[in-house]
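Scroll down for the structure; my scribbles are underneath it.
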Amino acid sequence: MPNFASASTPSPMSRRLFLSTTGALSLGAALTACGGGDSGGSSAAAKPVGQADIDKAMTTPTELTFWTWVPNIAKEVALFEKKYPAVKVKVVNAGQGTPQYTKLRTALKAGSGAPDMVQIEYQAIPTFTITNSLLDLRPYGASALKSTFVDWTWGQVSGSDGEIWAIPQDTGPMGMLYRKDIFDRHGIDVPTTWDEFAAAARRLHKADPDVYLTNLAANQVAAWHGLLWQAGAKPYATSGKSDITISVDDAVSQKLGAYWGGLAKEGVIGVEPDFTDSWYAALNKGKYATWITAAWGPVFLSGSAKATAGKWRAAPLPQWDTAKPSSGNWGGSTTAVIRSTKNPIAAAMFAQFLNSDPASAKMFATEQFFFPATKALLTDTEFVGDTPSFYGGQKVNQVFADVSSTVNSSFQWPPFLDQAATDWTETVGKSLADHTDTVRALGSWQSRLTTYAKNQGFTVKGS
Amino acid sequence: MTAVRRRRMAGPLFVAPFLTLFLLLFLAPLGYAAYLSLFQNRLIGGNVFVGLDNYTQALGDPQLLHGVGRVALFFVIQVPLMLLLALLFALALDSGLLRLARVIRLGIFVPYAVPSVVAALIWGYLYGPDFGPFAQLSHDLGLPAPDFLSEGWMLGSLANIVTWEFVGYNMIILYAALRTIPQELYEAAAMDGAGAWRIAWSVKLPALKPALLLTLLFSVIGSFQLFNEPNLLMKIAPDVISSSYTANLYAYSLAFTGQQVNYAATVSFLLGLVIVIASYAVLLTANRRRTP
């Protein structure tokens, strides 16, 4: 309990103390040698760790713990252990997503039991940097990897002062999967703008009342964030340590609210929760003619809607402005290093190797069917040239690889995403499901988040 | 060691294992929760002692009050129905008039063996408004499908799941109590000319009172702690079940969604208090009835 305060408001002094007491003396020296110009205390770049230190760390017998929910990741880990035989990595599955974060938070507060490296989704990074739980990877050479990864992913893992909080692993640029057979039957062209999409939704549902053009899940805040992202919204902006701007009901958001809320109210799209029995059945039975999803969607769908093999195709998201095609991202993970690690060098080297080593990165694409975060794989002819029969031989990966380059790079997440998600479900999501005023619900979301942020000690700007 | 001293030591020794566990697993967490509830740990600004501020906030928190109100309503409707059913089954089994009594007894008890998480998942599927069997059946009959997951039906749907889960459990307690009634009482009643119904009413029911009270107490505690079922149905009906649908769910989401551990501790503490008061009220009314 007494650790809570110091854990959430670290000073350079406490970090120095902490590092020296954990035995990382050489690193502590490097970190504290950051000079006098640093006013914030947590942001100045530390001096790089020398190659000699790295060589020493990578040849000293070490055991690292890595929390991840990636299935069969032992194969990638083995590549690392082969290159650095002295370092052993213990892989632990501590749950997927929120359950893992909850355990991690508990371990961090308890001061013991936290892993050295952890799988973390892009949207969860600020939730852990606000508590100073992640290690800045710049001193370990992570800056050199910038050009390896797709530009927008680098923006997602970078801090406001240039810190590198994690290394991208996989991504989820958003696109649209659609049922070619249903489109053909009703003479619908693949919509390229959201206006065409709305018209198609009305036409399709009128022609066949059992079919909807799509389902916008009333529980799926990640999809909503992805659509906000595509539309160029900036719902959250943080500056400094405690200032935050929350604008989840600005003009862009209201445009989205009116659009989707309108379609839901008219009853021409579905609004049922996704990833439920009923939703799987709906996809298998052709209740929905499209699934607005991310780059991981194609493989996922081919496994869960087997009855519809060969009928699906992929296309980019419809656009608000066809002159400037853009997309958002939904999902994808990174590897971060926990600040309390006793072996920061080895842990940081692992995070980098796992995701940037060409063999390891490729394995994620071929073994786990992850959608890559490295530029090299997005132009790899073997990867983008794949022609799965579920999609009638279409080069689905190429479609999403093209989308990936249009993902807006300036989107930011709040340091309390879980709360934002719950509040969204209970305001905006509820308005979609209940066919009530979505634009007004955006206002409730805004005020609930503002109240929460103020209670948590943030200075909320622009509201 | 003298015999007297040894005898004096025996009592505490026997109680020690219980006391240790009681201290470690009950009093210590309770004390820790009480301690936590006096602080406020913010994302910005750290941990501050706030005294009873969290309690003042909780007592005026509409989300908490609605949650408690909802489980109270649930308790008033679901528990009498469930206990009545359990009582009827227990009496029927005890009457010895049922064929295949063992199979029936097991059949009613088996749902209790199904983990409540699994049960809620299965029922969630059954309730499905599109492809659930009830919906399919009404579709085939040309009737409008009942929407078990709508706002109006939800509490009833939850009550159904909980009843299904716990009728067998309560039945076993009541049935076991019935088996301990001395045979002579029945013989005496029969000699006095009492029929099966009269025996059930005048002999069995009074003898069952302690067991009924026990099941009632368990049900008070269970109802007010309602968590698993709404937590799982939330996934398929997020617009109906909010994160504060029941008080327990509210405490959970405060702690794990909002990082408001201290306020969650306050809410849990108050919920515990509500349960203690409700249990006490149940005991008091029951005792008053027993002594005319």
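The values are calculated or read from the model by the stated rules, or taken from the named source; none is laboratory data. What you see is a predicted model; the values in this text were computed from it and never measured. Please note: Cβ atoms are built from the backbone with ideal geometry, for glycine as well, and neighbour counts cover all protein chains shown. What goes into the accessible areas is simple: the full protein's heavy atoms, side chains included, and nothing from ligands, DNA or RNA. Shrake-Rupley method; radii C 1.70, N 1.55, O 1.52, S 1.80 Å.
The table below lists the values:
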read-out	value
Average beta-carbon neighbours from other chains, 10 Å sphere, peptide B:36-44	6
Cα shape, region B:215-292, gyration tensor, a/c 1.5 rule	oblate
Cut-off under 5 Å, modelled amide H: who pairs with residue A:134 long-range	A:339
Ellipticity estimate at 222 nm from DSSP helix runs (n ≥ 4, -39,500 (n - 2.57)) divided over chain B, nearest 500	-23500 deg cm²/dmol
Distance between region A:156-183 and region A:72-138 - C-alpha centres, whole angstrom	20
Peptide B:253-262, shielding by other chains (average Cβ, 10 Å cutoff)	5
Rounded Å value of the spacing that divides the Cα centres of region B:8-68 and region A:279-293	47
Reduction of at least 50 Å² in accessible surface, 1.4 Å probe, comparing all protein chains with the chain by itself, residues of region A:402-434	A:426, A:430
Solvent-accessible heavy-atom area per residue, rounded to whole Å², over the protein assembly as shown at 1.4 Å	46
Accessible surface of chain A [probe 1.4 Å, protein heavy atoms]: carbon and sulfur percent	54
For the protein assembly as shown, size of Cβ-based charge dipole, Lys and Arg +1, Asp and Glu -1, in debye	2260
MRE, 222 nm, helices only [DSSP H, n ≥ 4, -39500 (n - 2.57), over chain A, to nearest 500]	-12000 deg cm²/dmol
At least 20 Å² accessible surface lost relative to isolated chain, residues of region A:116-147 (1.4 Å probe)	A:130
Debye, to nearest 20: dipole size of region A:185-278, +1 on Lys, Arg Cβ, -1 on Asp, Glu Cβ	200
Relative packing of peptides A:69-77, A:126-134 - highest average C-beta neighbours within 10 Å first	A:126-134, A:69-77
Rounded to 5, the percent of DSSP beta bridges in chain A classed as antiparallel	65
At R0 = 41 Å, FRET efficiency that the Cβ-Cβ distance of residue A:405 and residue B:138 yields, to 0.05	0.25
Accessible carbon and sulfur surface of chain B relative to its total accessible area, %, 1.4 Å	71
Tensor-based shape of chain B (alpha-carbon gyration tensor, a/c under 1.5 rounded, otherwise prolate or oblate)	oblate
Residue B:46 long-range amide H proximity, modeled H, under 5 Å	none
Span-like helix ranges in chain B, DSSP H, alpha carbon extent 24 angstrom or more, Kyte mean at least -0.5	B:3-22, B:62-94, B:154-179, B:205-224, B:261-290
Overall form of region A:305-443 per C-alpha gyration tensor (a/c, 1.5; a/b vs b/c)	oblate
Chains B and A, summed buried accessible surface - 1.4 Å probe, Å², nearest 100	2800
